[in-house]
Amino acid sequence: MPETERTFVMVKPDGVQRGLISEILERFENRGLKIVGAKFMQMDRELAEQHYAEHEGKPFYEGLVDFITSGPVFAMVLDGQDATRQVRRMMGDTDPAEAAPGTIRGDYGLDLGRNVIHGSDHEDEGANEREIDLFFDEDELVEWDKIDGSWLYE
Ligand code: GDP
Ligand code: MG
(Lines give C-alpha, C1' and ligand atoms only; values in the text may rest on other atoms or scores of the structure.)
(Ligands and ions follow the chains in the order given, each with its own letter.)
Protein backbone atom coordinates (compact mmCIF):
# COMPACT_ATOMS: atom_id res chain seq x y z
CA MET A 1 0.00 0.00 0.00
CA PRO A 2 1.27 3.49 -0.82
CA GLU A 3 1.63 6.42 1.52
CA THR A 4 -1.71 8.18 1.74
CA GLU A 5 -2.66 11.59 3.08
CA ARG A 6 -5.78 13.21 4.46
CA THR A 7 -7.47 16.29 3.08
CA PHE A 8 -10.30 18.53 4.24
CA VAL A 9 -13.30 18.97 1.94
CA MET A 10 -16.56 20.83 2.51
CA VAL A 11 -19.79 21.17 0.55
CA LYS A 12 -20.61 24.86 1.02
CA PRO A 13 -24.07 26.24 1.92
CA ASP A 14 -25.04 26.64 -1.76
CA GLY A 15 -24.20 22.98 -2.47
CA VAL A 16 -26.20 21.85 0.56
CA GLN A 17 -29.22 24.00 -0.33
CA ARG A 18 -29.14 22.69 -3.89
CA GLY A 19 -29.14 19.07 -2.73
CA LEU A 20 -25.70 18.25 -4.12
CA ILE A 21 -24.13 16.53 -1.09
CA SER A 22 -24.73 12.99 -2.31
CA GLU A 23 -23.66 13.65 -5.90
CA ILE A 24 -20.44 15.25 -4.74
CA LEU A 25 -19.71 12.54 -2.18
CA GLU A 26 -20.37 9.89 -4.82
CA ARG A 27 -17.60 11.31 -7.00
CA PHE A 28 -15.06 11.03 -4.20
CA GLU A 29 -16.18 7.53 -3.23
CA ASN A 30 -16.09 6.38 -6.84
CA ARG A 31 -12.59 7.76 -7.21
CA GLY A 32 -11.46 5.53 -4.35
CA LEU A 33 -10.97 8.15 -1.67
CA LYS A 34 -11.68 6.84 1.81
CA ILE A 35 -14.00 8.80 4.11
CA VAL A 36 -12.40 9.06 7.54
CA GLY A 37 -14.60 11.84 8.94
CA ALA A 38 -17.86 13.61 8.08
CA LYS A 39 -19.95 16.21 9.81
CA PHE A 40 -23.12 18.16 8.97
CA MET A 41 -22.84 21.47 10.76
CA GLN A 42 -23.29 25.22 10.59
CA MET A 43 -20.13 27.30 10.88
CA ASP A 44 -20.10 30.22 13.30
CA ARG A 45 -18.32 33.48 12.48
CA GLU A 46 -15.28 32.65 14.59
CA LEU A 47 -14.67 29.41 12.74
CA ALA A 48 -15.29 31.10 9.38
CA GLU A 49 -12.83 33.87 10.19
CA GLN A 50 -10.18 31.33 11.19
CA HIS A 51 -10.82 29.19 8.14
CA TYR A 52 -10.59 32.12 5.73
CA ALA A 53 -7.96 34.13 7.65
CA GLU A 54 -5.71 34.30 4.56
CA HIS A 55 -8.40 36.36 2.78
CA GLU A 56 -8.99 38.92 5.54
CA GLY A 57 -8.98 42.45 4.10
CA LYS A 58 -9.84 41.39 0.57
CA PRO A 59 -12.96 42.98 -0.96
CA PHE A 60 -14.88 39.71 -1.00
CA TYR A 61 -13.95 38.68 2.57
CA GLU A 62 -17.02 39.95 4.49
CA GLY A 63 -19.40 38.53 1.90
CA LEU A 64 -17.53 35.23 2.01
CA VAL A 65 -17.85 34.97 5.81
CA ASP A 66 -21.56 35.94 5.61
CA PHE A 67 -22.14 33.32 2.94
CA ILE A 68 -20.24 30.44 4.52
CA THR A 69 -22.08 30.94 7.84
CA SER A 70 -25.50 31.42 6.20
CA GLY A 71 -26.55 27.77 6.30
CA PRO A 72 -25.31 24.26 6.94
CA VAL A 73 -22.21 22.79 5.37
CA PHE A 74 -21.12 19.18 4.94
CA ALA A 75 -17.53 18.83 6.11
CA MET A 76 -15.45 15.73 5.51
CA VAL A 77 -11.97 14.29 5.73
CA LEU A 78 -10.89 12.10 2.82
CA ASP A 79 -7.83 9.88 2.73
CA GLY A 80 -5.95 8.64 -0.30
CA GLN A 81 -2.80 8.78 -2.36
CA ASP A 82 -2.09 12.44 -3.22
CA ALA A 83 -5.58 13.19 -1.88
CA THR A 84 -5.21 16.95 -1.45
CA ARG A 85 -4.10 17.61 -5.01
CA GLN A 86 -6.48 15.06 -6.52
CA VAL A 87 -9.49 16.60 -4.77
CA ARG A 88 -8.47 20.05 -6.03
CA ARG A 89 -8.24 18.66 -9.57
CA MET A 90 -11.72 17.17 -9.20
CA MET A 91 -13.06 20.51 -7.88
CA GLY A 92 -11.73 22.55 -10.80
CA ASP A 93 -10.78 26.23 -10.93
CA THR A 94 -11.98 28.52 -8.13
CA ASP A 95 -14.22 30.38 -10.61
CA PRO A 96 -16.88 27.97 -11.92
CA ALA A 97 -17.04 30.05 -15.09
CA GLU A 98 -13.47 28.95 -15.83
CA ALA A 99 -13.62 25.46 -14.31
CA ALA A 100 -13.50 22.69 -16.87
CA PRO A 101 -16.68 20.70 -17.54
CA GLY A 102 -16.34 17.40 -15.71
CA THR A 103 -15.05 19.09 -12.58
CA ILE A 104 -17.40 19.72 -9.65
CA ARG A 105 -17.33 23.51 -10.00
CA GLY A 106 -17.47 23.22 -13.78
CA ASP A 107 -20.51 20.95 -13.63
CA TYR A 108 -22.46 22.52 -10.77
CA GLY A 109 -21.57 26.22 -10.64
CA LEU A 110 -21.69 29.43 -12.64
CA ASP A 111 -20.52 32.15 -10.28
CA LEU A 112 -17.29 32.75 -8.32
CA GLY A 113 -19.12 33.63 -5.09
CA ARG A 114 -21.19 30.42 -5.23
CA ASN A 115 -18.69 27.73 -6.12
CA VAL A 116 -20.26 24.81 -4.23
CA ILE A 117 -17.22 23.25 -2.60
CA HIS A 118 -14.06 23.87 -0.61
CA GLY A 119 -10.95 21.69 -0.58
CA SER A 120 -7.61 22.24 1.12
CA ASP A 121 -5.05 23.95 -1.10
CA HIS A 122 -2.27 21.53 -2.10
CA GLU A 123 0.02 24.48 -2.87
CA ASP A 124 -0.25 25.68 0.74
CA GLU A 125 2.01 23.30 2.68
CA GLY A 126 0.18 21.76 5.65
CA ALA A 127 -3.17 23.43 4.87
CA ASN A 128 -4.88 20.03 4.80
CA GLU A 129 -3.85 19.07 8.34
CA ARG A 130 -4.48 22.61 9.67
CA GLU A 131 -8.02 22.61 8.30
CA ILE A 132 -8.71 19.07 9.57
CA ASP A 133 -7.61 20.20 13.05
CA LEU A 134 -9.81 23.28 12.84
CA PHE A 135 -12.98 21.35 12.03
CA PHE A 136 -12.52 17.94 13.64
CA ASP A 137 -11.43 16.56 16.98
CA GLU A 138 -9.07 13.60 16.67
CA ASP A 139 -11.75 11.27 18.14
CA GLU A 140 -14.14 12.23 15.32
CA LEU A 141 -11.82 10.66 12.75
CA VAL A 142 -11.96 6.93 12.12
CA GLU A 143 -9.06 4.70 11.16
CA TRP A 144 -10.23 1.77 9.08
CA ASP A 145 -9.16 -0.47 6.23
CA LYS A 146 -11.16 -0.30 3.05
CA ILE A 147 -11.56 -3.74 1.47
CA ASP A 148 -10.62 -2.54 -2.03
CA GLY A 149 -7.22 -1.16 -1.02
CA SER A 150 -5.22 -3.72 -2.98
CA TRP A 151 -7.41 -3.07 -6.04
CA LEU A 152 -6.99 0.67 -5.92
CA TYR A 153 -3.27 0.75 -5.35
CA GLU A 154 -0.44 -1.26 -6.89
P1 GDP B 1 -10.32 28.22 -3.40
O2 GDP B 1 -9.17 27.74 -2.56
O3 GDP B 1 -10.34 27.63 -4.79
O4 GDP B 1 -11.66 28.03 -2.72
O5 GDP B 1 -10.15 29.78 -3.64
P6 GDP B 1 -9.53 30.94 -2.72
O7 GDP B 1 -8.80 30.38 -1.54
O8 GDP B 1 -8.80 31.86 -3.62
O9 GDP B 1 -10.82 31.72 -2.22
C10 GDP B 1 -11.63 31.18 -1.19
C11 GDP B 1 -13.07 31.37 -1.59
O12 GDP B 1 -13.37 32.78 -1.60
C13 GDP B 1 -13.44 30.90 -3.00
O14 GDP B 1 -13.75 29.53 -3.03
C15 GDP B 1 -14.65 31.75 -3.31
O16 GDP B 1 -15.82 31.22 -2.67
C17 GDP B 1 -14.30 33.06 -2.62
N18 GDP B 1 -13.68 34.02 -3.55
C19 GDP B 1 -12.40 34.05 -3.96
N20 GDP B 1 -12.18 35.10 -4.78
C21 GDP B 1 -13.36 35.74 -4.86
C22 GDP B 1 -13.79 36.93 -5.54
O23 GDP B 1 -13.03 37.58 -6.25
N24 GDP B 1 -15.11 37.28 -5.39
C25 GDP B 1 -15.97 36.56 -4.60
N26 GDP B 1 -17.25 36.97 -4.50
N27 GDP B 1 -15.60 35.46 -3.95
C28 GDP B 1 -14.31 35.05 -4.07
MG1 MG C 1 -8.13 28.48 -0.98
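The values are calculated or read from the model by the stated rules, or taken from the named source; none is laboratory data. Bear in mind that the values here come from a model prediction, so they are computed numbers and not experimental data. Note that we place each Cβ from the backbone using ideal geometry, even for glycine, and neighbour counts take in every protein chain shown.
Against the definition (surrounded by fewer than 19 Cβ atoms within 10 Å (Cβ to Cβ), over 18 Å from the mean Cα position of the chain (by Cα), polar (S, T, N, Q) and over 14 Å from residue 10 (Cα atoms)), how does residue 150 come out, yes or no?
yes
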Q: Kindly indicate whether any position in segment 44-63 is over 19 Å from residue 136 (Cα atoms), within 16 Å of ligand 1 (Cβ to nearest atom), free of Cβ contacts under 8 Å to residues at least 60 places away in the same chain and surrounded by 15 or more Cβ atoms within 10 Å (Cβ to Cβ).
A: yes
Q.
Any residue at all in segment 121-130 that's within 8 Å of ligand 1 (Cβ to nearest atom), surrounded by fewer than 21 Cβ atoms within 10 Å (Cβ to Cβ) and more than 15 Å from the chain's Cα centre (by Cα)?
A. no
Q. Taking helices (runs of 4 or more DSSP H) that fall entirely within segment 90-154, which contain at least 3 residues that are modelled with pLDDT of 95 or more and either hydrophobic (A, V, I, L, M, F, W, C) or at positive phi (or both)?
A. 127-135
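Please specify each residue of segment 1-17 satisfying the condition of being of a type outside the set (S, T, N, Q) and either within 13 Å of the chain's Cα centre (by Cα) or at pLDDT 95 or above (or both). Step through it out loud before you land on a result.
Taking segment 1-17 as the starting set, the residues that turn out to be of a type outside the set (S, T, N, Q) are 1-3, 5-6, 8-16.
If the condition is that a residue be of a type outside the set (S, T, N, Q) and either within 13 Å of the chain's Cα centre (by Cα) or at pLDDT 95 or above (or both), then 5, 6, 8, 9, 10, 11, 12, 13, 14, 15, 16 are the ones that fit.
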(Q) Cβ-Cβ distance below 7 Å, separation of 6 or more or different chains: which pairs start in segment 109-134 with a residue that is of a type in the set (Ser, Thr, Tyr) and end on one that is in a strand (DSSP E or B) and surrounded by 17 or more Cβ atoms within 10 Å (Cβ to Cβ)? (A) 120/7; 120/8
**Q.** Number of positions in segment 91-108 that are touching a residue at least 24 places away in the same chain (Cβ under 8 Å) and either farther than 30 Å from residue 144 by Cα or away from ligand 2 (no atom under 15 Å from the Cβ) (or both)
**A.** 1
